[in-house]
1. Would you confirm, using the coordinates I've provided, whether Leu62 is touching a residue at least 24 places away in the same chain (Cβ under 8 Å) and in contact with a Pro (Cβ under 6 Å, 6 or more places away or on another chain)?
2. I'd like the full set of residues that are out of contact with any Phe, Trp or Tyr (no Cβ under 8 Å at 6 or more places or on another chain), surrounded by fewer than 21 Cβ atoms within 10 Å (Cβ to Cβ) and in contact (Cβ under 8 Å) with a residue 60 or more places away in the chain, limited to the range 239-263.
3. Given (1) over 24 Å from Ile201 (Cα atoms); (2) in contact with a strand residue (DSSP E or B) (Cβ under 7 Å, 6 or more places away or on another chain); (3) surrounded by fewer than 19 Cβ atoms within 10 Å (Cβ to Cβ), identify the lone condition not met by Ala289.
4. Tally up the residues in the range 264-280 that are touching an Asp or Glu at 6+ places or on another chain (Cβ under 9 Å), under 10 Å from Thr236 (Cβ atoms) and surrounded by 16 or more Cβ atoms within 10 Å (Cβ to Cβ), please.
5. Just to be sure before I move on: is Gly311 in contact with a Lys or Arg (Cβ under 6 Å, 6 or more places away or on another chain) and small (Gly, Ala, Ser) in the structure I sent?
6. If you go through the range 289-318, how many residues are outside any strand (DSSP E or B), under 12 Å from Ala338 (Cα atoms) and in contact (Cβ under 8 Å) with a residue 40 or more places away in the chain?
7. Would you confirm, using the coordinates I've provided, whether Ile240 is in contact with a Lys or Arg (Cβ under 8 Å, 6 or more places away or on another chain), in the same structural domain as Ala199 (by TED's automatic domain parsing) and among the β-branched types (Val, Ile, Thr)?
8. Within the range 77-121, can you find the residues that are within 24 Å of Ile334 (Cβ to Cβ) and β-branched (Val, Ile, Thr)?
Amino acid sequence: MTPQPSLDRFNRIVVKVGSSLLVDRTRGALKQEWLDALVADLAALHRRGADILVVSSGAIALGRTASGFAKGALKLEDSQAAAAIGQIALARAWAHAFAAHGVTAGQVLLTLQDTEERRRYLNARATLARLGAMRAVPIINENDTVATSEIRYGDNDRLAARVATMASADLLILLSDIAGLYDAPPSDNPKAKLIPIVARITPEIEAMAGGAASELSRGGMRTKIEAARIATSAGTHMAIADGRVLHPIAAMGAGAPCTWFLTPSNPVAARKIWIGGSLELKGAVTVDAGAAKALGSGKSLLPAGVTQIEGAFARGDCVAIRDAQGAEIGRGLIAYDALHAERIKGRNSRDIAHILGTPGRAEMIHRDDMALVER
């Protein structure tokens, strides 16, 4: 049997927390002791050098109590109002819990569209990267105050997987009110067995998924399987672990039962495959010999090394990178639209703000958003 991976091997970890774990359903109040114990676990990972990102549900669950909404399904506008109130309480709770360990937390509100539309994707990815460089922990939630069709069960499972992909995380942990994936519903079948390792998501694995778990929770096993498919296809391992205990991450690290979904790839390789072979080209940039050499040694593409711009591309589009002889040496997601790229080509990155009238990214194509042709 394949051994379960050790938490010590992972350097960038996304942890998703569901409403039913974070909010007491009878009182509609935060489970402070549980939150403090979880943050202690995450702070320990942070101290040993891991980047930590948290995708937290709970805004609507907290806000509906403060708003006086009755139990049961909420109308769309009531969900949005509850989220607006609850997001403040949720962010404050996480910030205070991490501050007790000397760790800064920052709030990031996303929708699924922010992880799908490439221009918005690049902005969000850059923000998460900057927070990571600052050693701050992003507390990410779906922006339910403006979401419409997104307010439905399960989105934060998929959102967590997309965040893991966006951040090039090597591990996604979904804390749940169940210990993992079972071969049958454990509530109905006392002989149901936990599946510790899923090497590949098959139709048989998908058939084991169920529906939503509770009124406060917007996720069920089906959405967790969907999240696993997103994560593993992007080179990210995923685990479903029991979040009902205090210190759930420490328990997982000590060998508590859980389900691991494994991937044969890694985030960097999977991302470069996606860029190199899955996206439609919208244009091209030609670079000089010095830039081509720098790219080959792992550098980003700076405007100074660009000699020619072709196409009517937008920021975030995939473009070909060509050398001075016209040969394609790679592809990448460009950080400027064609008009701005034309204006800053051949110029030093320090001049971008003066030329464009606003600060821009130093790189025209960042090395993490680039796939070079193997030679």
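1. On the way: touching a residue at least 24 places away in the same chain (Cβ under 8 Å): yes; in contact with a Pro (Cβ under 6 Å, 6 or more places away or on another chain): no.
Here the answer is no, as Leu62 does not meet what is asked.
2. Asp242, Arg244, His247, Ala250, Gly253, Gly255, Ala256, Pro257, Leu262
3. (2)
4. Total meeting the criteria: 1.
5. On the way: in contact with a Lys or Arg (Cβ under 6 Å, 6 or more places away or on another chain): yes; small (Gly, Ala, Ser): yes.
It is true that Gly311 is in contact with a Lys or Arg (Cβ under 6 Å, 6 or more places away or on another chain) and small (Gly, Ala, Ser).
6. Taking the range 289-318 and keeping what is outside any strand (DSSP E or B), we get 289-300, 302-305, 312-317.
Remaining after also requiring under 12 Å from Ala338 (Cα atoms): 312-317.
Next cut, in contact (Cβ under 8 Å) with a residue 40 or more places away in the chain only: 314-317.
So the answer is 4.
7. Numbers: in contact with a Lys or Arg (Cβ under 8 Å, 6 or more places away or on another chain): yes; in the same structural domain as Ala199 (by TED's automatic domain parsing): yes; among the β-branched types (Val, Ile, Thr): yes.
Taking the combined requirement at face value, the residue satisfies it.
8. Residues of the range 77-121 that are within 24 Å of Ile334 (Cβ to Cβ), as a first pass: 108, 110-121.
Answer for the range 77-121, where residues must be within 24 Å of Ile334 (Cβ to Cβ) and β-branched (Val, Ile, Thr): Val108, Thr111, Thr115.
The values are calculated or read from the model by the stated rules, or taken from the named source; none is laboratory data. Treat the numbers as computed from the prediction; the structure is a model and nothing was measured. No Cβ is skipped: glycine too gets one built from the backbone with ideal geometry, and neighbour counts run over all protein chains shown.
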